[in-house]
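Read the structure below first, then the notes.
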Amino acid sequence: MFKHRGPRSGDRRLPRFVLRHFGYARFVQPARTKPLLFEVFPKLEAELPWIPLAHRPTAIEPCSAIGSWLGRREGVFMKRDDLISPIYGGNKVRRFELVFGKALARGAKRIVTVGGIASTQVMATVLFAKAHGLDVRAVLFDQPLTRFARESVAGYALAGAELVYGGGYASTIAKAVWAQNRERGNYFIFPGASGPLANVGYVDAMLELGRQVERGEAEKPDVIVLPTGSSGTMAALALGVAYLGWSTEVVGIRITSKVVCNTYMVRRLVRATSEFLRKKDPSFPDLADKAKFSLFHDAIGEGYGYPTLEAIVGAEKLEELTGARGEVTYSGKALAGLRAMLATPRYAKKKFLLWNTLSTTRPPHAGGEELVPKSLQWVFEKPVVA
Ligand SMILES: Cc1ncc(COP(=O)(O)O)c(C=O)c1O
């Protein structure tokens, strides 16, 4: 299995000025493997911007360590995208191979992005941008304050991001427009980075799983479960399942509002990703209507980022599985949703694969607090909710 070698939470082995100006990512082993999609559809390799970030394939392991809590000791596995890069894992890495490929091909000097104070997308952006010599400006919006959010904000600053406090959604949009248009050479990544180009990374992830099943390294799952926000990951996995011709159901545990995360939006993303691939290589089959997915709505609680009791326990259980504590926004709720599904008769005999989308590698954050602008110092002063 691929071994985790990235720095852990609070790691200060590299001096702060080195972290800020060069990023620790420059000191870790680069990725070398290419997407399988490029092997199967060589035209895509010629057409798509791409840089290597992911260490593939990621392992598949049983979840038996938390079997008693899940109520099932067998038939539940985990795809370890949490370990996909020693720089930072999770579900942004496969997508950023294409997004950063495009930014670099355009000659971008700086990435501008938007996310919540606990955004893994902002973290991934800062770390991979710095590794490629790009600056980052991130506009951060409010979400319930957790320890994970605190460490994230300190980590963004320590990794060299310029932070702008966005506040509520309306002022965040205004500040994001300002942040993007301040100078030339800025490349904008939308919250969630769920556009068709990025999604190609997760269509490829399903081809990877298909190969693992073919080689007998994993069993074909009946159900794939993952936390779902902007829905790009789930839409791409569903399209990938259709490509493999499997009957596997992709279930997104909804962690954000129904206004942005709903069946209509997911279907649109499936279609847009399929059309995009077919435009780049017409031999990619038209499968948009064959993609099967559903959303699980009962784990979200009060809303995006709000802790639920089940999500708090879920975050602890993730630590039992991976060695790194989960958080309440995505991983805790995904585990809570998975447990609830396993308890229903409909899923009693089904084989599950939990797609782990949260990085187990945690970048350093100690000392970052002092680099955070005044407008965001409240993150270190107010009490946390989880
Ligand atoms: C850890 C984690 N899991 C899942 C998701 C949801 O992915 P998507 O926005 O593609 O639905 C995110 C999104 O940022 C995330 O950070």
Checking a compactness column here: for segment 152-284, what do you get for Rg(Cα) / (2.2 N^0.38 Å), N being the number of residues? 1.27
Set Lys92/Lys333; Lys79/Lys317; Lys130/Lys280 screened for pairs whose C-alpha atoms are more than 20 Å apart: Lys130/Lys280
Given points 7 Å out from each Cα along the Cα-Cβ axis, report the Arg211 to Arg32 separation in nanometres with one decimal. 1.5 nm
Where nothing but the Cβ of Lys and Arg (+1) and of Asp and Glu (-1) is charged, how large is the charge dipole of the chain around its Cα centre, in debye to the nearest 20? 520 debye
Computed lengthening from Ala105 to Leu309, 0.36 nm per intervening residue step minus Cα-Cα distance: 68.9 nm
Non-local amide H neighbours of Phe77 (under 5 Å, H modeled in plane, Pro and chain starts lacking H): which ones? Cys63, Phe352, Leu353, Leu354
In the chain, once you exclude exposed GluC sites (Glu not before Pro) (DSSP loop, at most 12 other Cβ within 10 angstrom), what's the longest stretch remaining? 75-182
Computed [θ] at 222 nm, deg cm²/dmol, the chain (DSSP H ≥ 4; -39,500 (n - 2.57); rounded to nearest 500): -11500 deg cm²/dmol
So who's got an amide H within less than 5 Å of the one on Glu249, skipping anything under 5 residues away but keeping other chains? H placed 1.01 Å off N, in plane. Val223, Ile224
Radius of gyration, Dmax [segment 95-224; alpha carbons; angstrom]: 16.9, 53
For the chain, what is the percent of antiparallel DSSP beta bridges, rounded to the nearest 5? 10 percent
Got a sec to turn the phi values of segment 99-116 into Karplus ³J(HN,Hα) couplings, 6.51 cos²θ - 1.76 cosθ + 1.60 with θ = phi - 60°, whole Hz, x for Gly and Pro? 5, 5, x, 5, 4, 5, 5, 7, x, 4, 9, 9, 9, 10, 8, 9, x, x
Nothing charged except the Cβ atoms of Lys and Arg (+1) and of Asp and Glu (-1): what's the magnitude of the dipole of segment 95-192 about its Cα centre? Round to the nearest 20 debye. 220 debye
Pull up the cross-link candidates among the lysines for Lys279, meaning alpha carbon to alpha carbon under 19 Å and not fewer than 8 places away within one chain. Lys43, Lys102, Lys290
Integer Hz, Karplus 6.51/-1.76/1.60 couplings in order for segment 135-142, x for Gly and Pro: 7, 9, 10, 10, 9, 10, 9, 5
Based on alpha-carbon atoms only, what is the radius of gyration of the chain relative to the globular estimate 2.2 N^0.38 Å? 0.92
Run the numbers for Arg278 and Asn181: contour at 0.36 nm per residue of separation, minus the present Cα-Cα distance, in nm. 31.7 nm
A correct Karplus calculation of ³J(HN,Hα) over segment 371-378, with 6.51 cos²θ - 1.76 cosθ + 1.60, θ = phi - 60°, whole Hz and x for Gly and Pro, returns 8, 7, x, 3, 4, 10, 5, 4
Between Ser257 and Ser64, with labels modelled 7 Å along Cα→Cβ, what's the label distance in nm to one decimal, could you check? 4.5 nm
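Quick note: the coordinates plus some simple rules give every number you see, no bench work behind them. Given the structure is predicted, the values throughout are model-derived calculations rather than measurements. All Cβ positions, glycine included, derive from the backbone under ideal geometry; neighbour counts span all protein chains shown.
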